[in-house]
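Here, each number is a calculation from the coordinates, and none is a lab measurement. In this text, all values refer to a predicted model and were calculated from it rather than measured experimentally. Please note: Cβ atoms are built from the backbone with ideal geometry, for glycine as well, and neighbour counts cover all protein chains shown.
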Amino acid sequence: MNELKHLAIIMDGNGRWAKAHILERSAGHEAGARVVEDIAIFAAKRGIKTLSLYAFSTENWRRPQREVDFLMKLLSKFLKSKEQMIVQNNIRFHTIGDISAFDADLRAQIQQLKSLSAANTGLNLVLALNYGARDELSRACAKLAKNNSEFSEDNISAALDTAEFGDVDLLIRTGGEQRLSNFLLWQASYAELVFCPTLWPDFTSAECEQICAKFEQTHRRFGGL
Ligand code: IPE
Ligand code: IPE
Ligand code: MG
């Protein structure tokens, strides 16, 4: 049986969910944000070590300014309202991606939640914010070059934002699209991939459990037999 240590999710489909309910896209993002809490608690209770969630990509800045502004506000609200949930569930909060692009207030809030949860020992909840795998890889290479370090696989892995979380075991994308959209390209090189049609706001811990249980029964060969 495979051990599921690192689960990564591309939370896609908020806009289509809103459209189906004849609502603004923003309502889809709000509904999606509520699901994050359910899945984080599910992962914590299941004993998953790391849950990485794709929340905002380096490409998402291309959306209309109104939507980008809304997503930033929603993130701020999320960080404020989840403190208790994070503490109660012994979750450690982390981010990957280049948050220097965010405004100072948001960065301070992120830092506060990281500090508040730093001593927790349960699930690592990793939000990918202004994250792009290519940006992450090029920042990692720049770090190595600056230190005159060899570009070995181990050194590259250690220079990535995910250094302490390691490779992804299982990557789920909701919303039915079958692509990675620049998420964890290095870390998911041997991940099991699951693309499910459910739109993110409709995703439940029960569906997640089904996918995780199936993963545990999969024969992962890693190129061997
Ligand atoms: C994912 O949902 C959330 C973010 C990318 C922030 P989308 O907003 O991409 O939803 P669809 O793909 O348009 O349905
Ligand atoms: C991927 O979803 C990014 C996040 C879920 C944060 P997108 O909706 O931005 O991806 P594309 O544009 O369909 O590839
Ligand atoms: Mg999308």
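A few points about this structure:
- Added length on full extension, which subtracts the Cα-Cα distance from 0.36 nm per residue, I22 to D69: 14.8 nm
- Here region 61-100 is scanned for amide nitrogen atoms under 17 Å from the site 7 Å beyond the Cα of L137 along Cα-to-Cβ, giving 97-98.
- Estimated inter-spin distance, M1 and L116, nm [label 7 Å along Cα→Cβ]: 3.5 nm
- Protection proxy ranking, peptides 48-55, 36-43, average beta carbon neighbours within 10 Å, highest first: 48-55, 36-43
- Each Lys and Arg adds +1 at its Cβ and each Asp and Glu adds -1 at its Cβ; summed about the Cα centre, the chain shows a dipole of about 280 debye.
- Region 83-188 - Kirkwood radius from inverse mean 1/r over Cα pairs (Å): 15.3 Å
- Working note: 222 nm ellipticity from helices only, DSSP H runs with n ≥ 4, each -39,500 (n - 2.57), summed and divided by the residues of the chain, gives -14000 deg cm²/dmol to the nearest 500.
- Over all distinct Cα-Cα pairs of region 6-216, the Kirkwood formula returns a hydrodynamic radius of 17.6 Å.
- Over the chain, Cα pairs under 8 Å with separation of 6+ residues give a relative contact order of 31 percent.
- Normalised alpha carbon radius of gyration of region 3-106 [divisor 2.2 N^0.38 Å]: 1.12
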